[in-house]
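The values are calculated or read from the model by the stated rules, or taken from the named source; none is laboratory data. Bear in mind the structure is a predicted one, so any value in this text is a computation, not a measurement. In this analysis, Cβ positions are derived from the backbone assuming ideal geometry, glycine residues included, and neighbour counts consider all displayed protein chains.
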């Protein structure tokens, strides 16, 4: 049987080894060392970090989109 394709290949959760900035709100949100953050890898090899507050909003939006797509295939 063929392997099921993984759609989510460019997103990971990492623990910050040092302070990072949140790409969504650079001036007000930061990611301290030791905190989990959402990392989205860009096509050019770069990556963008998101704090837990922003990550939750991003993941909720993705979840809603996936559920909507899944509903179109339900019989």
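Pairs meeting the criteria (first residue in region 1-26 and in contact (Cβ under 8 Å) with a residue 24 or more places away in the chain, second residue in a loop (DSSP other than H, G, I, E, B), beta carbons under 6 Å, at least 6 apart or on different chains) are 16/33; 16/35; 22/29; 22/51. When 60, 49 are screened for being surrounded by 10 or more Cβ atoms within 10 Å (Cβ to Cβ) and assigned to a helix (DSSP H, G or I), only 60 passes. Within region 25-43, the set of residues being loosely packed, with under 15 Cβ neighbours inside 10 Å and either at negative phi or part of a strand (DSSP E or B) (or both) comprises 25, 26, 27, 28, 32, 33, 35, 36, 41, 42, 43. Among the residues making up region 5-24, those that are modelled with pLDDT of 95 or more, in a loop (DSSP other than H, G, I, E, B) and over 13 Å from the mean Cα position of the chain (by Cα) are 16, 17, 18, 19.
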